[in-house]
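Nothing in this text is a laboratory measurement; each read-out follows from the coordinates by a stated rule. As the structure is a prediction and not an experimental result, all values here were calculated from the model. Cβ atoms come from the backbone with ideal geometry, glycine included; neighbour counts cover every protein chain shown.
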Amino acid sequence: MTRLLEFLIALALVLALFLVVGLVLPSKRHLEESTETNRRMTIVFDTINNVRRLKDWNLLMPSKVSELTYSGGGEGHTGVGARVDFNSADKRWGKGHWEITESEAPAGTGGGKVGYAIEDRTPGGDKKTVFTLEPAGKNGRNVKVTQTYDVNYGWNLLGRFNGMYVSRHVGDSVKASLSKLTNMLATVPNFDYRIEGSKLTGLKVVELPAEDLLVVKAGNIDRNNEVIKASIKANQEWIKRVMESNGLEAAGPVRIVTTDFGTEKYAFDVAQPVRKRSGAAPKPANGDKAKEPPVALPATAASAGPLKVSVSGTPVEYVHVEAHRAATANYTGYMAELDAVRNSLRAWAMTNGYEVADRPYESWKGGVDQAFTADGAFDVYWAIK
C-alpha cells in the first residue's frame, strides 16, 4: 500500500512538473533561414509563386503522395488563392494542403514576397511560411531568399514540448528545401522574360492541332543575315515546287526550326505548314500515272492524318506532326534577337512547371525580308511534355 502511495505521489509530481514546464514553454515557434541565387528576380518569384512547382523542391510536403490536386489562383495556379492538396500514405502527413495567402510581385529594383498557409497532421496549428525576396550581391544581381516558418501550439502542451525540436525537425527541412530550390533554379536559363520594355508578350501554353509540314534542312551556315536570308529563300523555292506538284497550299507562315544558334554558325530547318489545295489534283511525278483528285480539306481544317506527298528528287521532307501542347509567345524585333527570346520562353515554361521537348521554332508572320528588320513579327513555340 505504501509503495502504491509512493508511486501515485511520484506520478503526481511528474504530471505537475510536466504541466509547469509545458506552461512555461513558448506556445509559438518561429524559424528563419536564407539562401542566395544568381537567377533573375522574375524567375525566383514565379517559381515560388506557383503551387505546381512545390513538389519539385519543398521538403515540408510529403515526398510520397498518392494524389496531388491543384486549384485556385491565376493561370497555372499562381498567386493568391492557388492551392495544392495532397494525400499521403504516410500517416504522419495524411491529408493536407498548401495555399498562397499573399503574393507581392517584384517591382522595379525591389523584391517580392510569397506567403503560404499550411494544413497538415504535424503538431501545431496556424502554420504559415513566408518567402521574402530581395536583391543581393554586386549591383543587386543576385536574389536573397529568406524563408520564415511559424507554428502555434496554443494550449497543446505536448505540442509545446514538440516545439523544442522544431528547429531540427522543420529547420533542417527548410535548409534542405532552400538548397534544393537553388539547385533547381540553376537549371533555368537566366533570362528575364518580364523585363520592363520587353517586346515579348502573350506567354502561355496552347493546344496545337495535328499538322502537315514540308521541311528542308538548311544545314550549318554562317551567321550572316544575307547568307541566312538567301538560304531560307532558296529552300522555300524547293518547298514551292513540291507544293505545286502535289496540289498543296500554304496553311500558315513559313517556320524556322532552330537546331543550334552558335557564335559563328546557325543550324536550322525551313518548314512550311501545308494542306491540300481545294479541288487540286497532284501532278504526276517520276512517271507515275495521274490519280483521281483527293477530297480537299476545308481551308480552316486541321490535318486529319498524314498526306500522301511525293518529294522524290528534292531535299524536301514531308513530316506529319501530331497534336500537342506548346509554350508560346509573341515577339516583335530583329531575327537575331530570337535566341534570347527562345531562352526566355524556356525559362518561363520551366518556372511554371513545364518541361520543354524537341526543338523550338518561330512562325515568321511578316515574311522573310521583314524578319531582318526591327518590325519582324514572330510567334515563338516550344513543345512541352
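Here are a few things to note about the model shown:
- Residues of segment 60-75 falling in the label zone of Ser179, defined by backbone nitrogen less than 17 Å from a point 7 Å along Cα to beta-carbon, are 60-61.
- For the pair Glu75 and Glu119, a Förster radius of 30 Å applied to the C-beta separation gives a FRET efficiency near 0.80, rounded to the nearest 0.05.
- Cross-link partners for Lys95 among the aspartates and glutamates, with Cα-Cα distance under 12 Å and sequence neighbours closer than 8 places in the same chain left out: Glu67, Asp85, Glu119, Asp120.
- Calculated FRET value between Lys240 and Asp375, using beta carbons and R₀ = 22 Å, to 0.05: 0.35
- The simple Förster model, with R0 at 22 Å and r as the Cβ-Cβ distance, assigns Glu104 and Arg325 a FRET efficiency of 0.15.
- Annotation: extensible slack from Lys385 through Lys91 equals 102.6 nm (criterion: 0.36 nm per residue apart, minus Cα-Cα distance).
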